[in-house]
Amino acid sequence: MKEKLTAIYRKSLYGYIGYIEELPGANSQGVTLEETKSNLAEAVMLILEVNRQLTEKNLAGEDVIREDFGLITM
């Protein structure tokens, strides 16, 4: 089994709202569904990058092992 993220899209008065149900804070909006999907993909990438930067800052000077985790499969 591969773990997947689930996008939820809701129609709003001004277009669409989208979020990833498994990733708090990953949300976006757009006038069209396509724009909302694109904006949501960008939001996910930004959240991952910020989390990486915060982790690097918090672990600065510590002896840690860092490796590619890859896809989550079971």
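A short reminder: the numbers here are calculations on the coordinates, not readings from a lab. Not measured: the values here are computed from a predicted model. Cβ placement follows ideal geometry from the backbone for every residue including glycine, while neighbour counts extend to all protein chains displayed.
Each stretch of four or more DSSP H residues adds -39500 (n - 2.57); spread over every residue of the chain, this sum gives -12500 deg cm²/dmol at 222 nm.
Given their separation in residues at 0.36 nm each and the Cα-Cα distance between them, Leu5 and Ile72 gain 23.0 nm when the chain is fully extended.
Our estimate of slack between Ser12 and Ala60, defined as 0.36 nm per intervening residue step minus the Cα-Cα distance, is 13.0 nm.
For the pair Lys37 and Gln53, label points projected 7 Å from Cα toward Cβ lie 2.9 nm apart. Summary: within the chain, the longest segment free of trypsin sites (Lys or Arg not before Pro) located in DSSP loops with at most 12 other C-beta atoms within 10 Å is 5-65.
Out of the chymotrypsin sites (Phe, Trp or Tyr not before Pro) in segment 1-55, which ones are loop residues according to DSSP with at most 12 other C-beta atoms within 10 Å?
Those that pass, being in a loop and sparsely packed, are Tyr14.
For the chain, GluC sites (Glu not before Pro) meeting the loop criterion (DSSP other than H, G, I, E, B) and having at most 14 other Cβ atoms within 10 Å: Glu3, Glu21, Glu22, Glu62, Glu67.
Taken along the Cα-to-beta-carbon direction at a fixed 7 Å, the label points for Leu46 and Glu22 span 2.2 nm.
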